[in-house]
Amino acid sequence: MTAIPLLPTPKERDAQAARRSMLDLSREELTAFMAELGQPAFRARQIWDWIYKRYAVTFEEMTNLPRELRTRLADAAVISPLTVITETLSLDRDTQKVLFQLPDGETIETVLMLYDKRRTLCISSQVGCAMGCTFCATAQGGLARNLTAGEIVAQVLYFARYLNDPDQPPHTGIQRPARVTNIVLMGMGEPMHNYNSVWTALRRLTDPDAFGLGARHITLSTVGLVPMIDRMAHEGLQIGLAVSLHAPNDELRTQLVPVNKGYGVDDVLDAVDRYTNETGRRVTFEYALMRGINDSPELARELADKLAPRLCHVNLIPLNPIPDSPFQPASDADTAAFVQILREAGVSATVRLRRGIEINAGCGQLRQAEQTKSEE
Ligand code: SF4
């Protein structure tokens, strides 16, 4: 683990927070900001391209801007709201996790996973989370606040710059990746609970004039906030939907995912059906397999009965264990039996590779470890 020794002081953080956050500005707002500074509209275009196409993090890099303007901008605005606190790399060097500090001192996590052909980012949408899933590290501290759209986008731009930088150390055994190819909103927070900022960020990330990643390469994961699934069905962007189910019936699911009291399993499945009818898109169900809790053959059959008629895929995820937690990953044998039952019933299912277990890569785990350290 690499600790970055010089974090901003509270006074420096206040000064940073008082400056205009460039990543929270739309194109139109940036143009208006330039006008406030007495600058023509084409300056906004130049700055926009530096940020979203060349991943600039300082105004000093923007060499086609007059020096005097760069100095004024550096006084008045900030590009990335993120300061790296720690960076960790898994032992097999294919998973990298960064804990960032935000301008108000809060922290969030982002994880980069390297596959043969994909470089997938798992990003956060909130500081903490209000959903209270009983097996989740992030849930334990509750929700601190929503991220702004700029704070969501900033996580992607940080890694886009990192992957694009030929001076960064190469990752063993994996061809040098050069760009972010996939994004999953599966980090800290419930993206549907911060809907407006998340969708502003998604539009920026998919806008060919901004970051320009194809919407089909992005997946939004939710515990199943039904009204928001209905809203997403009409957004007109081909973002993938993943629903964290974790249990096939209300009795068990309510124990694991308390929001199930409000939106039960059948409510969620009905919303998924409406989503599929509207978009024609296949939905993924996430199911974290926990030993002795939701990994029995009976539950696999119950799940298969519910999902077999639907256009869907099931991702079985061996749980990333939290230290001192009663929730532990299912055994390999039980995992294999579970997936077999689903497949025999005609349900498309795969077991997802668990990544970065030794670097606390489950959502919220690194942040929780850092908080525990600072309380000791
Ligand atoms: S699993 Fe996801 S939705 Fe549930 S508490 Fe954790 S971060 Fe929130």
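All of the numbers you see were taken from the coordinates with simple rules; none came from a lab. Computed from a predicted structure; not experimentally measured. Ideal geometry is used to build each Cβ from the backbone, glycine not excepted, and the neighbour counts take in all protein chains shown.
Pulled fully out, how much extra length does the chain show between residue 117 and residue 76, if you take 0.36 nm times their separation in residues and subtract their Cα-Cα distance?
10.7 nm
Note the angle between two axes, namely the Cα long axis of helix 332-344 and the longest principal axis of the Cα atoms of the chain, as a number of degrees from 0 to 90, rounded to the nearest 10.
Here the helix axis deviates by roughly 80 degrees.
Spin-label point model (7 Å from Cα, Cβ direction): what's the residue 91 to residue 46 distance in nm?
Label-label distance for residue 91 and residue 46, simple model: 5.1 nm.
May I ask you to list the residues of the range 57-75 whose amide nitrogen lies under 13 Å from a point 7 Å from Cα along the Cα→beta-carbon direction of residue 18?
What the label zone holds, given the 13 Å backbone N cut-off, is 75.
Kirkwood hydrodynamic radius for the chain: how many Å is it when counted over pairs of different Cα atoms?
21.8 Å
At 7 Å along the Cα-to-beta-carbon direction for both residue 196 and residue 145, put a label point, then send me their distance in nm to one decimal.
It works out to 1.6 nm between the two label points.
Residue 249 to residue 324: FRET efficiency via 1/(1 + (r/R0)^6), r the Cβ-Cβ distance, R0 25 Å, to the nearest 0.05?
0.35
How many nm separate the modelled label positions at residue 130 and residue 301, each set 7 Å beyond the Cα in the direction of the Cβ?
Distance between the two pseudo-spin positions: 4.0 nm.
Any idea what the dipole of the range 37-125 comes to, in debye rounded to 20, about its Cα centre with Lys/Arg Cβ at +1 and Asp/Glu Cβ at -1?
Using Cβ point charges on Lys, Arg, Asp and Glu, the range 37-125 gives about 480 debye.
Which residue, chosen from 47, 76, 35, occupies the Cα position most advanced towards the positive end of the dipole of the range 2-78, where the dipole is computed from +1 (Lys, Arg) and -1 (Asp, Glu) charges on Cβ about the Cα centre?
In the range 2-78, that residue is 47.
Under Stokes-Einstein, with the Kirkwood radius over Cα pairs standing in for Rh, what whole-number D in µm²/s applies to the range 79-130 at 10 °C and 1.306 mPa s?
Numbers: Rh = 12.1 Å.
This corresponds to a translational diffusion coefficient of 132 µm²/s.
Taking +1 at the Cβ of each Lys and Arg and -1 at the Cβ of each Asp and Glu, which of 147, 280, 331 sits farthest along the dipole of the chain towards its positive end, judged by Cα position relative to the Cα centre?
Towards the positive end, the residue furthest out is 280.
Nearest 20 debye, what's the magnitude of the dipole of the chain about its Cα centre given +1 on Lys and Arg Cβ and -1 on Asp and Glu Cβ?
Around 1080 debye, computed over the chain.
PRE reach from residue 164 (point 7 Å along Cα→Cβ): which of the range 90-120 fall under 17 Å by backbone N?
Only 119-120 pass the distance filter.
Dipole of the chain (Lys/Arg Cβ +1, Asp/Glu Cβ -1, origin at the Cα centre): which of 345, 112, 293 lies farthest to the positive side?
112
Using mean Cβ contacts within 10 Å as the protection proxy, how do 323-335, 96-108 order, highest first? Don't skip to the answer; put the middle values down first.
Details: 323-335: 14.4, 96-108: 20.4.
The densest-packed peptide leads the list: 96-108, 323-335.
How big is the shadow of the Cα convex hull of the range 2-78, averaged over all directions, in nm²?
6.0 nm²
Using only the Cα atoms, what convex hull volume per residue in Å³ does the range 263-332 have?
Convex hull volume per residue, Cα atoms: 108 Å³.
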